[in-house]
Amino acid sequence: MRFALLLFFAFAAMKGSGQSSADVKTVEVTYNKTSSIIFNSGITSVDRGSRDVLAQKAKGVNNVLQLKAGRINFKETNLTVITSDGKLHHFTVSYADRPRSFTMQVNDTGASEKGDVPMLFQTQMTSSEMERYAEGILNLSQRGALSKTVHYGMKLSLQGIFIEGNVMFYHLRIANRSNIPFHTDMLRFYVKDKQNVKRTASQEISVLPLFIHGNADELKGATTQDVIVALEKFTIPDAKVLAIELLERKGGRHLKLLLKNRTIIRAQPVPDN
C-alpha cells in the first residue's frame with residue numbers, strides 16, 4: 001500500500017447518523033493487497049477498532065478510503081467513518097486470504113461492489129498550489145529539527161511546520177543510515193492520549209493527509225528523502241499528542257514522533273516563492 005496515508009480529528013455534526021445492525025457493512029481485507037471503500041461524500045473522520053487494520057485516504061482524493069491488514073489472521077473488528085454530509089458509516093472488518101472483492105461503493109441505497117460513485121478531489125486548495133508551497137518549504141535554508149527519532153539506522157525528523165490559510169504543512173526528513181533498503185508500508189498521523197493507558201476506540205483519532213510531496217516508498221541504503229505532508233489546520237488539547245508513525249513493510253524498523261500542542265502552534269507562515 002502506498003504510504004500516502006492519512007488521518008483525522010474533529011468529528012462532524014452527525015445528522016441522520018443512527019444505524020441499525022442491518023446497516024453495518026462487512027469489509028474483507030488481506031495482508032499484501034489493498035481494499036478500497038468509495039463514499040458519496042468526502043471523508044471527515046475514521047476510527048479503527050483495532051490497530052491491526054491499516055487505513056489511509058487515497059492520495060489526492062477525498063472520498064476513497066484504502067484498507068489493509070496489519071497482520072495475518074487478525075480478530076474481527078470494526079471501523080467507523082464519518083463523511084462530510086454528516087453521515088456515520090459502520091463496518092465490520094475481517095481478515096481473508098482472498099477477499100471476495102477489493103472495492104466497495106457506499107451510496108444512499110447502501111453498499112455494493114458495483115455502481116458509479118464519483119471520486120471527490122480536494123478543492124479547498126488545489127494540488128498545484130500545495131505543490132508550489134511544498135517546493136518553497138524545501139527551498140528554505142537548512143535548520144535544526146523540531147523533533148527526531150532514530151531506530152536501527154533509520155532516522156525520522158520533523159524539520160518544520162508551516163501554515164497557509166487552513167492548511168498546515170509538515171516537513172519530514174527520512175534518513176536511511178544503514179545499508180539495508182527501507183520499504184515504507186505506511187506513514188500515519190493520529191491524535192492520541194498523552195498518558196500510556198490501555199487503548200480504547202476513542203483514544204486514537206486518525207488525521208488524513210490532503211496532499212503529500214515527495215516519494216519515500218523506498219529508501220536505499222545511505223539515502224535521505226524529504227517529504228511534505230499537508231493536513232487541515234488543527235490544534236490539540238494539552239492531554240493529547242500528535243503521533244507521526246513510519247512503518248516498515250515486512251520489517252521491524254518502525255519510527256514514531258510525538259508532538260505536543262506547543263510545537264504545533266509555533267507553525268510558521270509558508271515562505272513566499
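Can you spot a residue in the stretch 222-233 that is surrounded by 14 or more Cβ atoms within 10 Å (Cβ to Cβ) and either without any contact (Cβ under 8 Å) to a residue 24 or more places away in the chain or in contact with an Asp or Glu (Cβ under 6 Å, 6 or more places away or on another chain) (or both)? Reasoning before the result, please.
First pass over the stretch 222-233, keeping only residues surrounded by 14 or more Cβ atoms within 10 Å (Cβ to Cβ): 223, 225-232.
Still in the running and either without any contact (Cβ under 8 Å) to a residue 24 or more places away in the chain or in contact with an Asp or Glu (Cβ under 6 Å, 6 or more places away or on another chain) (or both): none.
No: the stretch 222-233 contains no residue that is surrounded by 14 or more Cβ atoms within 10 Å (Cβ to Cβ) and either without any contact (Cβ under 8 Å) to a residue 24 or more places away in the chain or in contact with an Asp or Glu (Cβ under 6 Å, 6 or more places away or on another chain) (or both).
Report whether or not residue 80 is under 13 Å from residue 48 (Cβ atoms) and either of a type in the set (A, V, I, L, M, F, W, C) or touching a His at 6+ places or on another chain (Cβ under 8 Å) (or both).
In short, yes.
When you scan the stretch 130-244 for strands (runs of 3 or more DSSP E) that lie fully inside it, which ones turn up with 3 or more residues that are outside the structural domain of residue 46 (by TED's automatic domain parsing) and modelled with pLDDT under 95?
Ranges flagged: 182-193, 204-206, 211-213, 223-232.
Quick one: count up the residues across the stretch 1-30 that are touching a Phe, Trp or Tyr at 6+ places or on another chain (Cβ under 8 Å) and modelled with pLDDT of 50 or more.
Number of matching residues: 7.
Could you check the stretch 253-273 and list, in sequence order, the residues that are among the β-branched types (Val, Ile, Thr) and surrounded by fewer than 16 Cβ atoms within 10 Å (Cβ to Cβ)? Walk me through it before giving the result.
As a first pass, look at the stretch 253-273 and keep what is among the β-branched types (Val, Ile, Thr): 263-265, 270.
265 - this is the single residue of the stretch 253-273 that is among the β-branched types (Val, Ile, Thr) and surrounded by fewer than 16 Cβ atoms within 10 Å (Cβ to Cβ).
Show the residue pairs meeting these rules: Cβ distance below 6 Å; 6+ apart or different chains; first residue within the stretch 53-77 and under 18 Å from residue 106 (Cβ atoms) and free of Cβ contacts under 8 Å to residues at least 24 places away in the same chain; second residue outside any strand (DSSP E or B) and among the aliphatic types (A, V, I, L, M).
From the stretch 53-77, no pairs qualify.
The values are calculated or read from the model by the stated rules, or taken from the named source; none is laboratory data. Treat the numbers as computed from the prediction; the structure is a model and nothing was measured. Positions of Cβ are backbone-derived with ideal geometry, glycine not excepted, and every protein chain shown enters the neighbour counts.
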